[in-house]
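Here the structure is laid out as structure tokens; the discussion comes afterwards.
The values are calculated or read from the model by the stated rules, or taken from the named source; none is laboratory data. A quick note: this is a predicted structure, and the numbers were derived from the prediction, not measured. Positions of Cβ are generated from backbone atoms using ideal geometry, with glycine treated the same way; all protein chains shown enter the neighbour counts.
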Amino acid sequence: MIRQPPPRVLCFGEALVDRLGPPGGDPARDGPVDDRLGGAPANVACALARLGTPAALIGRLGDDAIGAAFGRLLWERGVDTRALQRDPLRPSRIVLVKRDAGGDRSFGGFAGELGEGFADQALDAEAMAEPLTALLSQAQWLLIGTIPLASPASGAALLDAVEQAATAEVPLALDLNWRPSFWPIAPALALERIRPMLERAALLKLSAEEADWIGAGRDPQRISLSLPQRPAVVVTDGARGLRWWLGGQAGSLVAFPVTVVDTTGAGDAFLAGLLHGLCADPSLLTGASVAAVGRAMRFAAACGALVCAGAGAIDPQPDEAAVETFLERAS
């Protein structure tokens, strides 16, 4: 048996199915639909593993066909699952995803709920504690989103994980990933619950719309200065490209031109590409050269672009060689 290297990035949160409707249609009533394994933390873990950075997924799935499919996928990718729980009562979540003619998506409601909520909402902090401690002993990053904060049990588990990471001196990466459909409370109240995570992250990834929502504008340096810990900040804006404040440097990059099939998971692939670079060269966060930061951002952006060229968030994820080939052709 080949021993897997210890995970460098721990990805905390939801693993679920994205039910993609036909372009211009509604997956709740129109067919054919296309079910794809997804969920932002699961997407990032799988993308990192494919790029060659060992990753773990911390979450909870139903004891159902979706859970079994994820088990096979994560095993094939080499993602560490020692902190992945199974729920005997609640199902894995199915998210209804609408796509317009250009491939851009919007999230609707959910399918599969049986009256007790979904498995990802019931993540057990007590059961997570021991495997998380072991994982944090050699990790370089803990990646979180905000969706677990929308539910009491998973929110408590997330807060425990953040505290354990702080004790272990493992930095926090936060993908805001604002999805109103997951939250049972008003957006202003949700932001109050999310803000403490904004104030603890060493790396913050936002979409342009999310930057508007938190109220600090779209300038990454301005966002960083608005937070007490002065994090690195990346603001992505789809086809309009991205801007960053990283290692004391501001920069921007236009989007790579690709034929878009589906944008689901593009931001997750981008974030995986960036974390892949940060694990290989931690100085990117503290003062690398302008050229080194630019190369890391181009690599991450290429990861996102390649995912847009295929359906679903996980299947089109590239390995490192595919990204380098894409970049050579784009230069």
Hey, can you tell me all the residues within segment 279-331 that are small (G, A, S) and in contact with a Gly (Cβ under 6 Å, 6 or more places away or on another chain)? G287, A288, A296, A300, A313
Those strands (runs of 3 or more DSSP E) completely within segment 217-301 that have 1 or more residues that are surrounded by 22 or more Cβ atoms within 10 Å (Cβ to Cβ) and either under 19 Å from the mean Cα position of the chain (by Cα) or in contact (Cβ under 8 Å) with a residue 24 or more places away in the chain (or both) are 232-236, 242-246
Being in contact with a Phe, Trp or Tyr (Cβ under 7 Å, 6 or more places away or on another chain), at pLDDT 95 or above and closer than 14 Å to F12 by Cβ is true for just one of L136, L143. Which residue is that? L143
Report, ordered by the first and then the second residue, all pairs with beta carbons closer than 9 Å, sequence separation of six or more or different chains, a first member in segment 12-35 that is at negative phi, and a second member that is part of a loop (DSSP other than H, G, I, E, B) and of a type in the set (S, T, Y). A15/S92; L16/S92; V17/S92; D18/T264; L20/T264
Of the numbered conditions (1) under 11 Å from I314 (Cα atoms); (2) at pLDDT 95 or above, G71 satisfies every one except a single condition; which is it? (1)
Of those in segment 56-67 that are of a type in the set (G, A, S) and in contact with an Asp or Glu (Cβ under 7 Å, 6 or more places away or on another chain), the residue surrounded by the fewest Cβ atoms within 10 Å (Cβ to Cβ) is G62
For T81, work out the one condition from (1) of a type outside the set (D, E); (2) farther than 27 Å from A156 by Cβ; (3) surrounded by fewer than 21 Cβ atoms within 10 Å (Cβ to Cβ) it doesn't fulfil. (2)
